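A quick write-up on the structure given underneath.
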Amino acid sequence: MENYIVSARKYRPSTFDSVVGQKALTTTLKNAIAGQKLAHAYLFCGPRGVGKTTCARIFAKTINCMNPTADGEACNECESCRAFNEQRSYNIHELDAASNNSVEDIRSLIEQVRIPPQIGKYKVYIIDEVHMLSQAAFNAFLKTLEEPPHHAIFILATTEKHKILPTILSRCQIYDFNRITVNDTVEHLQYVAQKEGITAEPEALNVIAQKADGGMRDALSIFDQVVSFTGGNIQYKNVIDNLNVLDYEYYFRLTDCLLDNKISESLLIFNDILNKGFDGSHFITGLSSHFRDLLVSKDASTLPLLEVGASIRERYQQQAQKCPPQFLYKAMKLCNDCDLNYRASKNKRLLVEITLIQVAQLTADADDTAHGRSPEQAIKPIFNKQSAQAQPAQAQPSVQAQQSARTPVASTSSVQSQTVQQGVAPQAQPTNTPPIRQNPIPQQSEEKKIPVFKAGSLGVSIKHPASREVQQQQTATVKPVQTEIAEDFIFNEKDLDYYWREYANQLPVEEKATAGRMMNMKPKLLNDTTFEVAVDNELVEKIMTPLIPQIQDHLRNKLHNRKITMTVRVSAPTENIRAYSRVERFQMMSQKNPELLKLKEEFGLELY
Ligand SMILES: [Zn+2]
């Protein structure tokens, strides 16, 4: 393991042609260099790990190359190229705006910009994560960007283009980097595997590529992890086990059950999946994607949208033939709704189960309509029972409020007896509970009934200031509710992440370094209540450890769980600390800005 170099660095492209998945863009850059049409400022936008910084470095090297090749690439042999490749060139300066975002940082950069290069033609300044610059730093930078010296070229890189000020945008040539397709990623991983003498099943590399979600750096770092735990023989089975990916097999089996209206089997498969340690939200987004993949498999023209390996492709096509398009449309919609409601739901498991039941009924509905029954009728009973059982208190207040508003009453006790007798008893009958009226209850105990219908009693107590007795009873019945709240709630990693970020966001300005650090960490749940954050080095560990009690308190409080425990661990060098899927990223973004969810709903957007 001595001299071990992570694949992302070892196989970092050194020419435009070797950059994976950004052909159009690299060609344009090459042509610009060949035609000597260089701008003074470029903005590279795109998701993380797709090659923005790599392209910026190749660009810097190529424009300084002493004898570029005929097709506009750097020679990689001249003194300038060697200096770049050995990372000792003075003509390239990289500033990570995520950690150096103050006015002072920018001022010292501007100082350097004035000094012309000793060797070569251009000095290139790469400012990574440029959206993280403070407002003041942005302003200081703007002046230099307006009138840069001839030898200076700025390449700004960002994952969040919308955060860049229009004044900056208008001064830059903008290049949008695509996320790299699964196929391109798999191809590149195959190349790396071959170079390293590693055998790898195409399906396994496909899983890695999907997990990396368009980022080559992530893909290679996951690849490295997989190599280390498989000892150089990468198989689908051990990859899905180790990357915590749900086997396709489950989705295929489940879809068969759903098509055959087999509700019990579907619920059992879901149970199986939960027992394997997958969470419901993960499962439901996976199922949505599966339906989506089936849909695109149905039609030859959309087949290219299916990003799976060749062997599994046929299975998709086979199952797609069994699925009526209407089934797939509706199933996708139901799963997407479930996904959207997942966070808000108190009983997440039930939510997923209801969704499965609805999906399993989709094809049954078609049969029913043939017999003259509408699909709504077929689905309804399940929900009526559910909601009637779950929210008896909410159904009643309106009745009670109407009653108390309509009937002028002298004393509180008569209101109470009225509401109990007229308002509630008839409601209670259909659910088979013995009508209260039949029990010879004295007035006193009827009063005690009041707080039980707590939501309804609100109307009463506001209109008629309650007697001390009633107040006491109300506080007495509030108690059990409070102990319920004091019970530990379950939560998942997304909830955790949300409040983790909330904590970071509310830190005072003096602690913005900590806040920035926290935003870059990904708390990972180890079990129901313990989570860890992997940090880059011992130094960060030393900084983070004293913060544990405060952070813990915040999370315990927000997530209503008193057992939450935080641990800090220094990560292994090959470890990929942060890898968010696109769905996770969307969820995080929409937690910050709920308008996004509305947008998604308004336009019926789907996330894949
Ligand atoms: Zn050269």
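Residues in region 112-124 that are outside any loop (DSSP other than H, G, I, E, B), in contact with a Pro (Cβ under 9 Å, 6 or more places away or on another chain) and not aliphatic (A, V, I, L, M): 114, 123. When you scan region 293-303, do you find a residue that is touching a residue at least 60 places away in the same chain (Cβ under 8 Å), of a type outside the set (Phe, Trp, Tyr) and either part of a helix (DSSP H, G or I) or crowded, with 18+ Cβ neighbours inside 10 Å (or both), even just one? Within region 293-303 (the criterion being touching a residue at least 60 places away in the same chain (Cβ under 8 Å), of a type outside the set (Phe, Trp, Tyr) and either part of a helix (DSSP H, G or I) or crowded, with 18+ Cβ neighbours inside 10 Å (or both)), the answer is no, since none of the residues qualifies. The single condition among (1) surrounded by fewer than 18 Cβ atoms within 10 Å (Cβ to Cβ); (2) assigned to a helix (DSSP H, G or I); (3) touching a residue at least 40 places away in the same chain (Cβ under 8 Å) that residue 261 does not meet is (2).
The single condition among (1) under 30 Å from residue 198 (Cβ atoms); (2) under 24 Å from the mean Cα position of the chain (by Cα); (3) not hydrophobic (A, V, I, L, M, F, W, C) that residue 232 does not meet is (2).
When residues in region 525-575 are screened for being among the charged types (D, E, K, R), under 24 Å from the mean Cα position of the chain (by Cα) and assigned to a helix (DSSP H, G or I), 2 of them pass. Annotation: residue 109 fulfils all but one of (1) in contact (Cβ under 8 Å) with a residue 12 or more places away in the chain; (2) in a helix (DSSP H, G or I); (3) away from the ligand (no atom under 16 Å from the Cβ); (4) out of contact with any Ser or Thr (no Cβ under 9 Å at 6 or more places or on another chain); the unmet one is (4). Residues in region 70-102 that are in a loop (DSSP other than H, G, I, E, B), more than 30 Å from residue 514 (Cβ to Cβ) and touching a residue at least 24 places away in the same chain (Cβ under 8 Å): 71, 72, 73, 74, 76, 89, 90, 91. Determine whether residue 219 is more than 20 Å from the chain's Cα centre (by Cα) and in a helix (DSSP H, G or I). No. Looking at region 81-100, which of the residues that are more than 10 Å from the ligand (Cβ to nearest atom) and among the small types (Gly, Ala, Ser) is nearest to residue 152 (Cα to Cα)? Among those that are more than 10 Å from the ligand (Cβ to nearest atom) and among the small types (Gly, Ala, Ser), it is 89.
Just one of the numbered conditions (1) in a loop (DSSP other than H, G, I, E, B); (2) at pLDDT 85 or above is not true of residue 307: (2).
Per-residue answers, yes or no, for (1) farther than 21 Å from residue 158 by Cα; (2) hydrophobic (A, V, I, L, M, F, W, C); (3) surrounded by fewer than 15 Cβ atoms within 10 Å (Cβ to Cβ):
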residue	(1), (2), (3)
106	no, yes, no
117	yes, no, no
121	yes, no, no
125	no, no, no
138	no, yes, no
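Among the residues of region 43-58, some residue qualifies, meaning at least one is over 24 Å from residue 116 (Cβ atoms), away from the ligand (no atom under 14 Å from the Cβ) and at pLDDT below 90.
Just one of the numbered conditions (1) within 13 Å of the ligand (Cβ to nearest atom); (2) within 19 Å of residue 148 (Cα to Cα) is not true of residue 37: (1). Within region 17-35, if we keep just the residues that are touching a residue at least 40 places away in the same chain (Cβ under 8 Å) and closer than 28 Å to residue 227 by Cβ, the residue that is surrounded by the most Cβ atoms within 10 Å (Cβ to Cβ) turns out to be 22. The condition of being under 30 Å from residue 213 (Cβ atoms), among the hydrophobic types (A, V, I, L, M, F, W, C) and out of contact with any His (no Cβ under 9 Å at 6 or more places or on another chain) does not hold for residue 106.
Count, please, the residues in region 31-83 that happen to be among the acidic types (Asp, Glu) and either over 30 Å from residue 182 (Cα atoms) or in contact with a Cys (Cβ under 7 Å, 6 or more places away or on another chain) (or both). Total satisfying the criteria: 2.
So that you can scan it fast, the table gives a plain yes or no per residue for (1) assigned to a helix (DSSP H, G or I); (2) in contact with a strand residue (DSSP E or B) (Cβ under 9 Å, 6 or more places away or on another chain):
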{"residue": "157", "(1), (2)": "no, yes"}
{"residue": "162", "(1), (2)": "yes, no"}
{"residue": "179", "(1), (2)": "no, no"}
{"residue": "186", "(1), (2)": "yes, no"}
{"residue": "191", "(1), (2)": "yes, no"}
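Of the residues making up region 323-334, not a single one is of a type in the set (Ser, Thr, Tyr), crowded, with 16+ Cβ neighbours inside 10 Å and part of a helix (DSSP H, G or I). The requirement of being over 17 Å from residue 358 (Cβ atoms) and buried (at least 17 other Cβ atoms within 10 Å of the Cβ) is satisfied by residue 240.
Note on region 1-42: among residues that are among the β-branched types (Val, Ile, Thr) and assigned to a helix (DSSP H, G or I), the one that is modelled with the lowest pLDDT is 33. Being aliphatic (A, V, I, L, M) and near the ligand (Cβ under 6 Å from one of its atoms) is the filter; apply it to region 66-80 and report the residue that is surrounded by the most Cβ atoms within 10 Å (Cβ to Cβ). Looking at residues that are aliphatic (A, V, I, L, M) and near the ligand (Cβ under 6 Å from one of its atoms), I get 74.
The values are calculated or read from the model by the stated rules, or taken from the named source; none is laboratory data. Just so you know, these numbers come straight off a predicted model, no measurement behind them. Glycine gets a Cβ as well: all are built from the backbone with ideal geometry, and neighbour counts include every protein chain shown.
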